[in-house]
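Reviewing the structure listed below.
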Amino acid sequence: MATVVISAVLVFCVELIARGSFSETLQFFQQPFKPGWTTVLLFSLLLLFLDALLGRAHHALLLVAPLVLLLAFVGHQKSLYLGDPLYPTDFLFARQIVELMPLLASDRPLAAVAIAVGAILAIAVLVLAWKYWRRRPTLTMRGRLMRLAATLPLLAFFCSIMDYATFSWARDRLQIIPMMWDQKENYNSNGFALAFALNMPMAKVAAPSGYSAEAIEAITRPTAAAPVLPDQLPDIIVVMNESFWDPTLLPGITITPDPIANARSLRSGNIFSPEFGGMTANVEFEALTGFSNAFLPYGSIPYQQYVRSPIPSLASFLRSEGYDTRAFHPFGGWFWNRTPVYKAFGFEHFMSQEILPPLAARGPLASDASLIEEMIHEADATHDPLFYFAVTLQNHGPYAPGRYADATHTVSGSISDAGLGSVLSYAEGAADGDKALARLVEWATKRDRHTIIAMFGDHLPPLGPVYVETGFMDNNVARRRAPLPEMSVQHETPLVVWSNHTGPQHVGSISPAFLPYHLMETAGIRHPYYTDFLGGMRARYRVVDRNMLVSTSDEPTPDWSQSKTLDPAIRDFRLLQYDMIFGRQHAAESFFPEMLNAPAAM
């Protein structure tokens, strides 16, 4: 009974930290149809089991409590900063968080000091408690065996019902309802611990219903059985600019001069980003492959979990046609696992921080201007047609006031001084990204070779309280599920697709997965997948998001993945993606002929 009481207190503290609300935590335990008390039982079983292994009563509390309380704290911080709960897969890129800690600390210095002091005190208390517990009497062998006999079968039972991909009568009776399509509600309804556990199997992607070689064969064959290219192959340069967005959309804020004047004049449309404030790699995945995060488990990161062998991308196709394919990013190659991912995507070279010459910084990070100049230098020295893909770094958040001592913009509005300072820091970085675009266009205008320039923002910036202060949003982070007008405002970033032969292209507001189609169309290239299949999809939809489909006539279909009937076009899209990433690549010959000669494995 003592263990049950301890578990109840521990679970309450975990939920209080994760939710950040005393009233919501009380509500979680008061509602009989939410599994708060099931979580208490699970913690009790876990503590008793570990006590049996350690040999002392309540000794396991010193292991379990610090771990789960720390996870709850990290989860709360993530939800404040990015709007998403903590997932088990987040620890696959823990190194990224460590590397970004100096930036985060500079944004909230007092909080950083308090956290550091608190961590030191907690470790000291934990060490003293551990030494004290080691002097307590040990459990008898009979007591340890009884604990093991009572807990092992029940813990095994709990493990068996945590796979959300399979139906469980017992899980259903316990009111543990996996809501993988809406993770905020998943964590709210099931509690932090159970929702975290439910996300453990997300690395396992189940085949879509009906997947088989015959199902892939039944998909309408592309009109172009093989790629068709123009006589002169155009150069293609794509820049995914970190957090590039239009800050003049903030209500009541005046920014002088216009920070994105060049992008505004060349604008082709918008990218409807599947992310907000972070998770750059997921947007990058769509823009390079023409595949969609909508068909992957909620919270997954393909770069970290799924890219383990060659996967078709624009780079692999264009490289097969004689292009010089290079990726650029002025940070470590390990970041977002890019080095092996770019290799799997078919890039011949990855110009990461380890390979690039030292780039001049503006603010704390490598400037957009220096990165663009290095790309132009590389392009001028290349005789083959080129496909360059760059991810900038300069305007990465957080946006502490005073980030640029030599700011060239002014910001005014009726919000706090800290908010105005953050907007100025962001706007200055966005303006530098805009100038980098102008430099690329100026360079390409003077070239004889057909040159296509594309630039877009991966997601809105994590401006936090600024959004609430200005009334732009009701919360620090965007909603994942909302009416289309609200989703558009909170997820669209500027997109430019420009050609030195034809000028700006009209694209509209699209998912990143449709960018390859528009690039190939502008280049005059036909491909069985990137133009034929994606072209057919683009004729039906402009947005394929995990929570909403948007047709070309702007008709939204929310929660489409929960419908009993699925549009055959979406079904085929999902089947093709699964086949090429997880399956046997039955579609390669018809849709990705360049993959037939790709290396067998990384």
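The values are calculated or read from the model by the stated rules, or taken from the named source; none is laboratory data. Everything quoted here is computed from the prediction, not taken from an experiment. All Cβ positions, glycine included, derive from the backbone under ideal geometry; neighbour counts span all protein chains shown. Side chains are part of the model used for accessible areas, which takes the heavy atoms of the whole protein and leaves out ligands, DNA and RNA. Shrake-Rupley method; radii C 1.70, N 1.55, O 1.52, S 1.80 Å.
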Worksheet entry | Close pairs (9 angstrom Cβ cut-off, 6 or more residues apart or separate chains): more than 16 Å from Asp434 (Cβ to Cβ) and open to solvent by 20 Å² or more (accessible area, probe 1.4 Å) in the range 363-378, in a helix (DSSP H, G or I) and hydrophobic (A, V, I, L, M, F, W, C) anywhere | Pro364/Leu103; Leu365/Leu103
Discussion item. Within the range 261-275, take every residue that is out of contact with any Leu (no Cβ under 6 Å at 6 or more places or on another chain) and in a loop (DSSP other than H, G, I, E, B) and give me the one that is least open to solvent (accessible area, probe 1.4 Å).
Written reply: Ser273
Practice prompt. Name the one entry in Thr3, Thr38 that is open to solvent by 10 Å² or more (accessible area, probe 1.4 Å) and in contact with a His (Cβ under 8 Å, 6 or more places away or on another chain).
Written response: Thr3
Response to the item:
Subset of the range 321-351, residues buried (at least 19 other Cβ atoms within 10 Å of the Cβ) and assigned to a helix (DSSP H, G or I), comes to Phe335, Trp336, Asn337, Arg338, Val341, Tyr342, Ala344, Phe345
Discussion item. Exactly one of these conditions fails for Ser243: (1) open to solvent by 60 Å² or more (accessible area, probe 1.4 Å); (2) more than 23 Å from Phe317 (Cα to Cα). Give me its number.
Written reply: (1)
Worksheet item: Quick check: is even one residue across the range 18-34 among the aliphatic types (A, V, I, L, M), open to solvent by 20 Å² or more (accessible area, probe 1.4 Å) and closer than 27 Å to Leu463 by Cα?
Response: yes
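Here is a yes/no grid of residues against (1) under 17 Å from Val507 (Cα atoms); (2) at pLDDT below 95:
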residue: Met537; (1), (2): yes, no
residue: Arg540; (1), (2): yes, no
residue: Pro556; (1), (2): no, no
residue: Asp559; (1), (2): no, yes
residue: Asp567; (1), (2): no, yes
Worksheet item: Pairs under 7 Å by beta carbon, first residue part of a helix (DSSP H, G or I) in the range 476-498, partner among the basic types (Lys, Arg), six or more apart or different chains?
Response: Glu486/Arg479; Gln490/Arg479
Item to complete: Tell me which residues, restricted to the range 508-535, are within 22 Å of His491 (Cα to Cα) and either open to solvent by less than 20 Å² (accessible area, probe 1.4 Å) or not in a helix (DSSP H, G or I) (or both).
Response: Gly508, Ser509, Ile510, Ser511, Pro512, Ala513, Phe514, Leu515, Pro516, Leu519, Leu534
Discussion item. I'm checking my understanding of the structure. Among residues of the range 137-160 that are basic (Lys, Arg) and surrounded by 12 or more Cβ atoms within 10 Å (Cβ to Cβ), which one is nearest to Val40 (Cα to Cα)?
Written reply: Arg147
Item to complete: Could you run through the range 485-507 and say how many residues are under 21 Å from the mean Cα position of the chain (by Cα) and either over 30 Å from Tyr81 (Cα atoms) or surrounded by fewer than 17 Cβ atoms within 10 Å (Cβ to Cβ) (or both)?
Response: 2
Discussion item. Out of everything in the range 376-431 that is under 24 Å from the mean Cα position of the chain (by Cα) and part of a helix (DSSP H, G or I), what residue ends up being nearest to Leu233 (Cα to Cα)?
Written reply: Ala430
Worksheet, complete the sentence: Reported set for the range 304-320 where residues are farther than 30 Å from Phe91 by Cβ and surrounded by 21 or more Cβ atoms within 10 Å (Cβ to Cβ) is Leu314, Phe317, Leu318
Discussion item. For the range 536-546, give me the residue count where each residue is touching a Ser or Thr at 6+ places or on another chain (Cβ under 8 Å) and either farther than 26 Å from Ala225 by Cβ or open to solvent by less than 20 Å² (accessible area, probe 1.4 Å) (or both).
Written reply: 5
Response to the item:
Of the residues in the range 561-576 that are in contact (Cβ under 8 Å) with a residue 60 or more places away in the chain and over 16 Å from Ala218 (Cα atoms), the one that is most open to solvent (accessible area, probe 1.4 Å) is Gln562
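Matching residues to (1) of a type outside the set (A, V, I, L, M); (2) closer than 16 Å to Asp434 by Cβ:
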| position | (1), (2) |
| --- | --- |
| Ile255 | no, yes |
| Asp258 | yes, yes |
| Asn262 | yes, yes |
| Asn282 | yes, no |
Discussion item. For the range 95-124, which positions are modelled with pLDDT of 75 or more and surrounded by fewer than 12 Cβ atoms within 10 Å (Cβ to Cβ)?
Written reply: Pro109, Leu110, Val113, Ala114, Ala116, Val117, Gly118, Ala119, Ile120, Leu121, Ile123, Ala124
Fill in: Boolean, Thr410 is at pLDDT 95 or above, open to solvent by 30 Å² or more (accessible area, probe 1.4 Å) and β-branched (Val, Ile, Thr)
yes
Discussion item. Being of a type outside the set (D, E, K, R) and touching a His at 6+ places or on another chain (Cβ under 6 Å) narrows it down to one residue among Ala156, Ala213; which is it?
Written reply: Ala213
Practice prompt. Restrict the check to the range 267-276 and report whether at least one residue is at pLDDT 95 or above, under 27 Å from Ser414 (Cα atoms) and not hydrophobic (A, V, I, L, M, F, W, C).
Written response: no
